[in-house]
Amino acid sequence: MTDPRDYKLAETIITHSTRLEKGERILINLIGFNGIGLVRALVTLAREIGAHPYLDIVDPETQRILLETGDAGFWKDQAESDGVPLMKQMDAFVGIRASENIYESSKVPEKANRAFQQHYLQPVHFDERVKNTKWCVLRYPSPAFAMNARMPTSAFTDFYYNACLLDYARLRDAMLPLEERLRKASEVRLKGEGTDIRLHVDGQDWVNCHGTRNIPDGELFSSPLRDSVNGRIRYAPSVYLGKPFDFVELTVKDGVVTDFDASDREALQSILDTDEGSRRFGEFSFGTNPVIGQPMYDILFDEKIYGSNHLTLGQDYDEAPNGNKSQVHWDLVCIGADVYLDGELIRKGRHFVPDDLQILNPDNFFKGR
């Protein structure tokens, strides 16, 4: 049975996120079977407007077997014979992550993960899908997802739809004053528990994200000047390639991680050693979704937490580049640090201070709706 809210979510994806048009092809990729109701809603709405949906439904346990046994030759063949040719024919892409167990691939060896990233993920998704389709990626609620969020399943499901079905036009407008300030700024400083870090953003572009690439959404991102990051930063819990981290701490000098600590030091060491760019940063962002308040080991939600920032290890984005290239792109989130722009305090903890930015504080965002 399809939740009625799936049709509202599908409508947002079709009309707002991908702006799907008659005659266009859309690839709907479902990982896990839990989100089949949303797939049905997407297919129904796509056909109603005369678009052509293609389905790719993946069993997470089978995918784990492929990840564990795949090598460079296997993934190159998969990319060249199926992945890239199919993606080249698509106008739009929707990725629904509906696995019941986010740790399904946590034991995949690092060498195998790198083969998948380099020879399949990079050419199929980063080079083709991201650059040449109208794409949107999202999660889907489940009891396991609710458990990570430490919420009852029914309460989490309501929270999920509230976060995903936000008024994105209102959020876009609410972020505009912050965007204007950031475009004029030179130095950003984050200062909080375990964190005192500075970075420069002179002349960098800023991207206002309001439901066109991720759902839920609510972030304003750019990238730091590559050699400008200095200090230390402590991040909230995170998961990367199925491996959980209760915390991550980094010490940075002239844009390069020089020291680190984590709940899983060995795994962090391996990620940092992936390539030259994995010890540098490719993105800096403000999280602004007023519904999302706490981390839940899921980056598509956690990077949107209001009163947060993420300073991302690895690959930059073409929309706001800084020249850092890497197979890694890990959105690590710092929650509740004070934020200074060129010495002016603009956010105290999780609440914006200047009058023109207070609309981003949750109580004010929802006031008068």
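The values are calculated or read from the model by the stated rules, or taken from the named source; none is laboratory data. Just so it is clear, the structure is predicted and the values come from calculations on it, not from any experiment. Using ideal geometry, Cβ is built from the backbone for each residue, glycine included, and neighbour counts are taken over all protein chains shown.
Mind listing whichever residues of the stretch 264-297 are in a helix (DSSP H, G or I) and either among the hydroxyl-bearing types (S, T, Y) or in contact with a His (Cβ under 8 Å, 6 or more places away or on another chain) (or both)? I'd like the intermediate steps shown before the answer.
Within the stretch 264-297, the first condition is being in a helix (DSSP H, G or I), and the residues that meet it are 265-272, 276-279.
If the condition is that a residue be in a helix (DSSP H, G or I) and either among the hydroxyl-bearing types (S, T, Y) or in contact with a His (Cβ under 8 Å, 6 or more places away or on another chain) (or both), then S270, S278 are the ones that fit.
Scan the stretch 322-329 and give yes if some residue there is at pLDDT 95 or above, in contact with a His (Cβ under 6 Å, 6 or more places away or on another chain), at positive phi and in the same structural domain as A236 (by TED's automatic domain parsing), otherwise no.
The answer is no, given that none of the residues of the stretch 322-329 is at pLDDT 95 or above, in contact with a His (Cβ under 6 Å, 6 or more places away or on another chain), at positive phi and in the same structural domain as A236 (by TED's automatic domain parsing).
Restricting to the stretch 143-164, and then to whatever is over 30 Å from E24 (Cβ atoms) and buried (at least 17 other Cβ atoms within 10 Å of the Cβ), can you tell me which residue is farthest from the chain's Cα centre (by Cα)?
M151
For the stretch 182-200, check the following and say yes or no: at least one residue is crowded, with 17+ Cβ neighbours inside 10 Å, more than 23 Å from N361 (Cβ to Cβ) and either in contact (Cβ under 8 Å) with a residue 40 or more places away in the chain or in contact with a Cys (Cβ under 8 Å, 6 or more places away or on another chain) (or both).
The answer is yes, given that some residue of the stretch 182-200 is crowded, with 17+ Cβ neighbours inside 10 Å, more than 23 Å from N361 (Cβ to Cβ) and either in contact (Cβ under 8 Å) with a residue 40 or more places away in the chain or in contact with a Cys (Cβ under 8 Å, 6 or more places away or on another chain) (or both).
Mind telling me which of the residues D331, D363, D355 ends up being touching a residue at least 12 places away in the same chain (Cβ under 8 Å) and out of contact with any Phe, Trp or Tyr (no Cβ under 8 Å at 6 or more places or on another chain)? Can you show your working first?
Working: D363 fails: touching a residue at least 12 places away in the same chain (Cβ under 8 Å); D355 fails: touching a residue at least 12 places away in the same chain (Cβ under 8 Å).
Criteria check complete, one pass: D331.
Has the stretch 11-19 got any residue that is under 24 Å from the mean Cα position of the chain (by Cα), assigned to a loop (DSSP other than H, G, I, E, B), within 25 Å of K88 (Cβ to Cβ) and in contact (Cβ under 8 Å) with a residue 40 or more places away in the chain?
Yes.
Within the stretch 316-330, can you find the residues that are under 13 Å from Q118 (Cα atoms) and either among the β-branched types (V, I, T) or surrounded by 23 or more Cβ atoms within 10 Å (Cβ to Cβ) (or both)? Even if it seems obvious, please write down each step before you answer.
Going residue by residue through the stretch 316-330, those that are under 13 Å from Q118 (Cα atoms) are 325-329.
The answer is V328, and nothing else.
Of the residues that make up the stretch 266-281, is at least one under 24 Å from G349 (Cα atoms) and touching a helix residue (DSSP H, G or I) at 6+ places or on another chain (Cβ under 9 Å)? Quick ask: steps written out before the conclusion?
Narrowing the stretch 266-281 to residues under 24 Å from G349 (Cα atoms): 281.
This time we only want the ones that are touching a helix residue (DSSP H, G or I) at 6+ places or on another chain (Cβ under 9 Å), so: none.
There is no residue in the stretch 266-281 that is under 24 Å from G349 (Cα atoms) and touching a helix residue (DSSP H, G or I) at 6+ places or on another chain (Cβ under 9 Å).
Need a quick list: strands (runs of 3 or more DSSP E) entirely within the stretch 156-245 having at least 1 residues that are assigned by TED's automatic domain parsing to the domain that holds P143 and in contact with a Ser or Thr (Cβ under 9 Å, 6 or more places away or on another chain).
Working: elements: 187-192, 195-200, 207-209, 219-222, 230-235, 238-240, 243-245.
Answer list for the stretch 156-245: none.
Counting just the residues of the stretch 98-136 that are at pLDDT 95 or above and outside any helix (DSSP H, G or I), which one comes out nearest to the chain's Cα centre (by Cα)?
Selected residue: C136.
Going through F260, F281, F301, F286 one at a time, which residue ends up being buried (at least 16 other Cβ atoms within 10 Å of the Cβ) and without any contact (Cβ under 8 Å) to a residue 40 or more places away in the chain?
Working: F281 fails: without any contact (Cβ under 8 Å) to a residue 40 or more places away in the chain; F301 fails: without any contact (Cβ under 8 Å) to a residue 40 or more places away in the chain; F286 fails: without any contact (Cβ under 8 Å) to a residue 40 or more places away in the chain.
Residue meeting the stated conditions: F260.
In this structure, does G95 turn out to be buried (at least 16 other Cβ atoms within 10 Å of the Cβ) and on the phi > 0 side of the Ramachandran plot? Spell out the reasoning first.
Working: buried (at least 16 other Cβ atoms within 10 Å of the Cβ): yes; on the phi > 0 side of the Ramachandran plot: no.
So G95 fails the test.
For the stretch 111-136, name all the residues that are surrounded by fewer than 18 Cβ atoms within 10 Å (Cβ to Cβ) and closer than 13 Å to I28 by Cα.
Once the filter is applied, which keeps residues that are surrounded by fewer than 18 Cβ atoms within 10 Å (Cβ to Cβ) and closer than 13 Å to I28 by Cα, the stretch 111-136 yields nothing.
Among the residues of the stretch 33-88, which ones are aliphatic (A, V, I, L, M), outside any helix (DSSP H, G or I) and exposed (fewer than 14 other Cβ atoms within 10 Å of the Cβ)?
Scanning the stretch 33-88 gives I49, L55.
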